[in-house]
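Please treat every number below as a calculation from the coordinates, not as lab data. All values reported here derive from a predicted model rather than from experimental measurement. Using ideal geometry, Cβ is built from the backbone for each residue, glycine included, and neighbour counts are taken over all protein chains shown.
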Amino acid sequence: MTSRTLAQAVNHTLDRALAELDDVLVLGEDVARTGGVFRITDGLLERYGDQRVIDSPLAESGIVGVGLGLAVAGLRPVLELQFMGFSYPAFDQLVSHVSRIRHRSRHRFTAPLVIRIPYGGGIGAAEHHSESTETVYAHTPGLKVVVPSRPMDAAGLLRSAIEDPDPVVFLEPIRLYRAVKEDLPDVTPRVPLGTASVERAGTDITLLSWGAMMKETREAADQLAASGISPEIVDLRSLAPLDSETLLASVRKTGRAVVIHEAPRTGGMGAEIVAQIQEHCAYELEAPVLRVTGWDTVVPLKLSEEHYLPSVKRIMAAADQVLAS
Amino acid sequence: MTAHEFCLPDIGEGLVEAEIVRWLVPVGGQVTADESVVEVETAKAVTDIPSPFAGTVIHHGAAEGEVVQVGQTLVVVGEPGDTWPPADSDGDTTRTGADAAPIVGTLAETAQELPPVPEQPAPSSDRPRALPLVRKLAKELGVDLTRVTGTGAHDRITRQDVEAAAAATNEAPATTDNTAERHSPEPVAHVPATKPAGVPAAEERRPLSRLRRTIAANMVRSWTEIPQVTAFDEVDASRLLALRASLQKRHETPVPLDALVVATVIPALRAVPVFNASLDGDDLVVYGRHDIGVAVDTPDGVIVTVIRDAGAKGVLELAAEIHRLGAAARSRNLKPTDATGQTFTVSNIGAAGGTFGTPIVPPGTVGILSVGRAKEQPVVRDGQIGIAPVMPLSLSYDHRVADGAVGRRLLAQLVQNLTDPALILA
């Protein structure tokens, strides 16, 4: 067992995948010689050489397009798009081609790609570095989208993503890279894609979240518990496919729910989740389901970031409202 | 202490280190902001790096010809007399490899240890299923959803289920008063069952019927809210029973004993009006009309039926009404007006062979009279021993409203009226 941060867990999982699976390669901007702008791919070039760990040009469309070609040809590229805000030049490749290659080829070809995308705000960075537009990729049929919030899940989900025959968008919450750590066995169990985790069992209210917001959600749950409420935390872990079974079972059990995400409110994944809840749990709800989200604005720069991201205070206010009904 | 440390910045393009070619400002020399302080060579080019700070150069991070890594100290600029490293620092503050400062943004560096995730529990839900609108209605009508059986798809509770439950609770209580115009129904605390030690292993669990649950709820309410006492007496019922026989013969119709009891209770209530009343907070609401509750025994349990304005009815009318109500109660067809809102209650336990008892005052009323079976017993009349049918009476009442003397006064009136029914004529 080794205590690893989320960043170290990803690094370790890539290391093991490169060691054990000959067809895996790592491709992206600054992944090789720099070891990644957040050092996620640190040390890999030295161990596996420049035929397996490759610095790409500054060209996201090319990264994904070339990655797709490599994948169809039989390799398993783990691509990196350095920030979610940089992924849009690759959007056409992802949505028009990567997501459809199985469909287009009538199952003759699949794209066993992993597209790692560090994302999310709260890191005081400049424009383009803090957004959370995961809904767009979750909305695209043919793409799986997963997002760990803790090292164990990062390792387990990444290995499953690498082994999955279809493309997986692997979102990494930058704000949590070094903010959470866990004891991990050297061989971390795989976490199946499309599964949520009931991280904390409770009976009074369900808090649904994913990614960096899990940090605030955990803190809010502690505060609720301290005042005698029994909160249940569901870490969705997978946005496409959504583990509806787990999240709906939780809401049926408690009858009260709050969804927390940093992405902008309108059309965010929270809207899909609430729609499913009202469709399938209407008879068990004691109160309307509330969403605590980012605002419908461009993510602000450092000085205003704390006003944008859902805070523990905002989550508590929503929870109080739901519990009072 | 104003020394500023300037680390080799990441000038982009994947460069991780630079070699010092030439220091342009020596240690101790002055430099202005944005003035070039050093010439470095990277993999790409030889370039000058400007100092972001104005002041005296305190320290060179490396000598000419040496290599500085991105993030390592390049130069320190401060005031004359400043030292580097500062006396209270712990030396080398550079980080390399996976822990090096990120190129973009600022990351939290203190990692929170996460507790392991517990075994995933099996989800379960036995909460009642009802639409929000139906839940709202239930709340308004004071219906407990956990006690309602849903008739909708997948056992969901419909609006009709809630309305029926509300009506049924009003319809057939044993000792309850649910009229909205007089009393608002209050939720009763659920008393958890305690299992006695040594219960045999084989046991049968029988869910209570809705009537039983309603009776239970009202009993608990009365028991916990009303400090009640019971006073006892006996009546020589010879004349009462003779009167009954005469009436039955004259009118060729059965006259239940209850009808006569009710007829004799009315004047007693007029004489002691606090018993025809209801306690509402600090006010005693005394009613001018007498709506007398008559307990009816049904196979499912005791149901109280109500004779409206009994004081305006003659004995035969009372008899007819008691017949009607009894039949309706036994067939569970009572209308809400026949089952709620009594001002005083009479219970004939003699019909089942009972003698004395301690009836429970129905919530929202002040008193209840229980009449037992008349039994032939020796009595003393005019100094002589004789035999007479003796009828036991038990009067329970709310001690907040009436003390012993008042209770005795009503009981005395009742005994007189029942002993000599002719008295009720005036």
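Side notes on the structure shown:
- Expressed as a fraction of 2.2 N^0.38 Å, the C-alpha radius of gyration for the protein assembly as shown is 1.55.
- More than 32 angstrom apart: percent of Cα pairs within chain A: 26 percent
- Chain B: most fluctuating residue of B:G301, B:G65, B:G364 per GNM, C-alpha cutoff 10 Å: B:G65
- Simple rule: put +1 on each Lys or Arg Cβ and -1 on each Asp or Glu Cβ in the protein assembly as shown, find the dipole, and look at B:P9, A:S130, A:V26; the Cα lying farthest toward the positive end is A:S130.
- Remark: A:M213, A:M1, B:M391 ranked as A:M1, B:M391, A:M213, counting other beta-carbon atoms within 10 Å and listing the fewest first.
- Per-q log10 I(q)/I(0), the range B:325-377, q = 0.13, 0.25 Å⁻¹ (Debye; single scatterer per alpha-carbon; no solvent): -0.42, -1.04
- Whole-number percent relative contact order across chain A, with pairs defined as alpha carbons under 8 Å at least 6 apart: 16 percent
- With contributions of -39500 (n - 2.57) from each DSSP H run of at least four residues, the per-residue ellipticity at 222 nm computed over chain A stands at -10000 deg cm²/dmol.
- Order of A:K253, B:K249 under a 10 Å beta carbon neighbour criterion, fewest first: B:K249, A:K253
- Remark: mean inter-chain Cβ contacts per residue of A:271-282 equal 1, using a 10 Å Cβ-Cβ cutoff to other protein chain atoms.
- Translational diffusion coefficient (Stokes-Einstein; Kirkwood radius from C-alpha pairs) of the range A:55-198 at 10 °C, 1.306 mPa s, in µm²/s: 102 µm²/s
- Karplus 3J(HN,Hα) series, Hz, for the range B:24-29 with 6.51 cos²θ - 1.76 cosθ + 1.60 (x for Gly, Pro): 8, 10, x, 4, x, x
- Acute angle (nearest 10 degrees) that the helix B:210-225 long axis makes with the longest principal axis of chain B, alpha-carbon atoms: 90 degrees
- Kirkwood Rh, angstrom, chain B [1 / mean 1/r, Cα pairs]: 29.5 Å
- Sorted by Cβ density within 10 Å, fewest first, the residues B:D161, A:D235: B:D161, A:D235
- Looking at chain A, the DSSP beta bridges with both ends there are about 25 percent antiparallel.
- Only beta bridges with both residues in the protein assembly as shown are counted; by DSSP, about 60 percent of them are antiparallel.
- For the residue pairs A:K181/A:K302; B:K249/B:K313; A:K313/B:K136; B:K249/B:K335; A:K215/B:K136, alpha carbon separations beyond 27 Å are given by A:K313/B:K136; B:K249/B:K335; A:K215/B:K136.
- Rg/Rh, computed from the Cα trace of the range B:297-419 with Rh as the Kirkwood radius, has the value 1.00.
- Applying Stokes-Einstein at 20 °C and 1.002 mPa s to the Kirkwood radius of the range B:242-351, computed over alpha-carbon pairs, gives a translational diffusion coefficient of 147 µm² s⁻¹.
- Coordinate range of the alpha-carbon atoms in the range A:76-140 per principal axis, descending: 45, 22, 16 Å.
- Proximity of backbone amide H atoms, modeled 1.01 Å from N, is registered between B:S36 and B:S51 at under 5 Å, excluding neighbours fewer than 5 places apart on the same chain.
- Normalised contact order of the range B:352-397, rounded percent, pairs of Cα under 8 Å and 6 or more residues apart: 44 percent
- For chain B, the relative contact order is 14 percent, taking Cα pairs closer than 8 Å that sit 6 or more residues apart in sequence and dividing their mean separation by the residue count.
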